[in-house]
1. If Ser42 meets every condition in (1) among the hydroxyl-bearing types (Ser, Thr, Tyr); (2) part of a loop (DSSP other than H, G, I, E, B); (3) surrounded by 10 or more Cβ atoms within 10 Å (Cβ to Cβ) apart from one, which number is that one?
2. Could you tell me which numbered condition Arg27 fails, if it satisfies all but one of (1) out of contact with any strand residue (DSSP E or B) (no Cβ under 7 Å at 6 or more places or on another chain); (2) at pLDDT 90 or above; (3) in a loop (DSSP other than H, G, I, E, B); (4) on the phi < 0 side of the Ramachandran plot?
3. Just for the stretch 49-66: of the residues that are surrounded by fewer than 11 Cβ atoms within 10 Å (Cβ to Cβ) and not in a helix (DSSP H, G or I), which one is modelled with the highest pLDDT?
4. For Ile70, indicate whether it is part of a strand (DSSP E or B) and among the hydrophobic types (A, V, I, L, M, F, W, C).
Amino acid sequence: MHPIVEKHGGKYLTLSRNVTVLEGEDRGNTLIAILQFPDAASVVAFASDPDYAPYGKARQAGGINSFQMIDDTDIVGTIPYLAAA
């Protein structure tokens, strides 16, 4: 799947089974993947790429999971290296 991520300008920040809950409810996560893309349009292009479809279907069929997009803004505006939301 790496070539599809790279095709849309993305990169993996982590793909790990080492999940430790430090606070909050343990949701039983057995794998965490965090990817970074240059912008929201690239994420949408990746998620809707026909080459990704078989992987997405396998991910959905393989368990309870979520696929979420977040931006790099600071809702409070106090972190100097993030844009204020």
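The values are calculated or read from the model by the stated rules, or taken from the named source; none is laboratory data. Every value quoted in this text rests on a predicted model; they were computed, and no experiment measured them. A quick note on method: Cβ atoms are made from the backbone with ideal geometry, for glycine too, and the neighbour counts reach across all protein chains shown.
1. The single condition Ser42 does not satisfy is (2).
2. (2)
3. Of all residues in the stretch 49-66, those surrounded by fewer than 11 Cβ atoms within 10 Å (Cβ to Cβ) come to 50, 54, 57-58, 61-64, 66.
Okay, now just the ones that are also not in a helix (DSSP H, G or I), so 50, 62-64, 66.
Values: Pro50: 96, Gly62: 83, Gly63: 83, Ile64: 84, Ser66: 87.
Only one residue fits best here, namely Pro50.
4. Details: part of a strand (DSSP E or B): no; among the hydrophobic types (A, V, I, L, M, F, W, C): yes.
Spelling it out, it is not the case that Ile70 is part of a strand (DSSP E or B) and among the hydrophobic types (A, V, I, L, M, F, W, C).
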